[in-house]
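Bear in mind these aren't lab numbers, they're just calculated from the coordinates by the rules spelled out. Everything quoted here is computed from the prediction, not taken from an experiment. All Cβ positions, even for glycine, are placed from backbone atoms using ideal geometry, and neighbour counts span all protein chains on display.
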Amino acid sequence: MVAVSACSSGTGGGESDQPDKVEVFSWWDGPGESEGYSALIAYFKQQNANVQFINASVAGGAGTNARAVLASRLDANDPPDSYQIHAGLELASDVRAGKVEDLAYLYERNGWLDKFPRALLDAVTVDGKIYAVPVAIHRSNLLWYNPATLRAAGIARPPGTWAEFLADATTLKAKNLTALSIGPGWTQKHLLENVLLGELGAERYTGLWNGRTTWRSAEVTAAVETFRRVMDVSDLETYGGDWQSALDKVVAGTAAYTVMGDWADAYFGRAKGLRFTADYDVVVSPGTAGVFNFLSDTFTLPKGAPHRAAAESWLTACGSPEGQDAFSVQKRAIAARVDADKSKYNDYLTTAMAAWQDPATVVVGSLTHGVVADTERNSQLDTALAALVGGGDVAAFVASVAAMFG
Ligand code: GAL
């Protein structure tokens, strides 16, 4: 255990006793994620040649494995120097539990206060203090497909509604093709949020998480029934691996569609070397035209970080325009900063950036990726969803989620 001395900067937490090292904890260890993360690390190393970078990543999409490992480290008072977390209520959970430090001084020091969109700053602010540095913005509501598979099945265009999707599923079944490939529990929740969004619309979707939309309505039950029908035409019985394996089936042409965030573009285009629009393509998930279901990856300064000065250098690299562009172009995200170099964001990212910046776009927050629900409610929802997907009934699922969200 590294000794933590009292802080002299007045910002709380540990002071650096070994400024030549930084241990950063994330879950970006797999293909389609490590490329972007490596680019950010390379930029950090270039700026901080004297600091040894310790990559403490724990693989597993959406941080499901990493978060468990991190929680036990924090409980054991063994924090890394910085860790990845989602902006929104997931971060707020750690703030309320006293795990992370206020970083407002870093924003002031680096002149960042007007460099991030207001809504994003709000998502990393709790009670007027800023607790994380966002590196990028991702979009959750996307339907990826292989154009050759659609052509072979005689499907002219991807579906615009979940009803059209289910009609496609019948066509695909007749050709012995799976309509939807799915992965582990978190990918099922990712699908659920986007079916709810598509079926209920942006306003009622947001209300599901802030108490303004009651779960106890015929419309919500119908949307959950639609989710169940969509799951019924997926490969749930035979899936294996993580989100990348679900994409592999789209590449192979055995499944037509998958719903996944825009890091899928990094897997198809970077890890697999496929050509955007020719070998794989994307539309917004059914029923979500004009809506951007967002999430943001951020890094924090945990209380008692053993190498505080180096952690500040890391966070400074994360918040810099160069670091953000290096990361996001490879990770296939949009830089969180408003002054990103647009010319670097091509192919899929051209449309993502245009949608994000279009004032007509309606922005909502992701459930699965921590924006709209805190850690505790998200994990209760995981339990309820596992029961539903495992054969439980829709009424029981809706009742248990209603007990949490109203
Ligand atoms: C999200 C994360 C993304 C991507 C994805 C798959 O939660 O914000 O950056 O890594 O999980 O792991």
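Compute the normalised compactness of segment 126-210: alpha-carbon radius of gyration over 2.2 N^0.38 Å, N being the residue count.
Numbers: Rg = 17.2 Å, N = 85, 2.2 N^0.38 = 11.9 Å.
My calculation over the Cα atoms of segment 126-210 gives 1.44.
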Using Cα-Cα distances under 8 Å and only pairs 6 or more residues apart, what relative contact order does the chain have, in percent?
30
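Which order do peptides 199-209, 185-195 fall in by mean Cβ count within 10 Å, highest first?
Details: 199-209: 19.7, 185-195: 23.6.
Most protected by this proxy first, the peptides run 185-195, 199-209.
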Longest to shortest principal axis, alpha-carbon extents of segment 207-260, angstrom
42, 20, 16
One would report the Cα pair-distance distribution of segment 104-255, bin width 5 Å, in %, as 2, 8, 15, 16, 15, 12, 11, 9, 7, 4, 2, 1, 0
Integer Hz, Karplus 6.51/-1.76/1.60 couplings in order for segment 246-259, x for Gly and Pro:
5, 5, 4, 5, 5, 4, 5, x, 7, 10, 7, 10, 8, 9
At q = 0.10 Å⁻¹, what log₁₀ I(q)/I(0) does the chain have when each alpha carbon counts as one equal point scatterer in the Debye sum?
-0.65
In whole Å, what is the distance between the alpha-carbon centres of segment 246-266 and segment 88-139?
32
List the residues, sorted by chain then number, that are 5 or more residues from V100 or on another chain and whose placed amide H is less than 5 Å from its amide H.
K303
Coordinate range along principal axes, alpha carbons of segment 276-344, Å, largest first:
46, 26, 24
Distance between the C-alpha centers of segment 361-384 and segment 279-320? Whole Å please.
16
Quick one: 3J(HN,Hα) in Hz for segment 328-342, Karplus 6.51/-1.76/1.60 with θ = phi - 60°, rounded, Gly and Pro as x.
5, 5, 7, 6, 6, 10, 9, 4, 6, 5, 7, 9, 4, 7, 4
Amide H neighbours of L142 under 5 Å, counting only residues 5+ apart in sequence or on other chains, H built in-plane at 1.01 Å?
M260, S285
Taking a ≥ b ≥ c as the square roots of the eigenvalues of the Cα gyration tensor of segment 10-140, is the shape rounded (a/c under 1.5), prolate (a/b larger than b/c) or oblate?
rounded
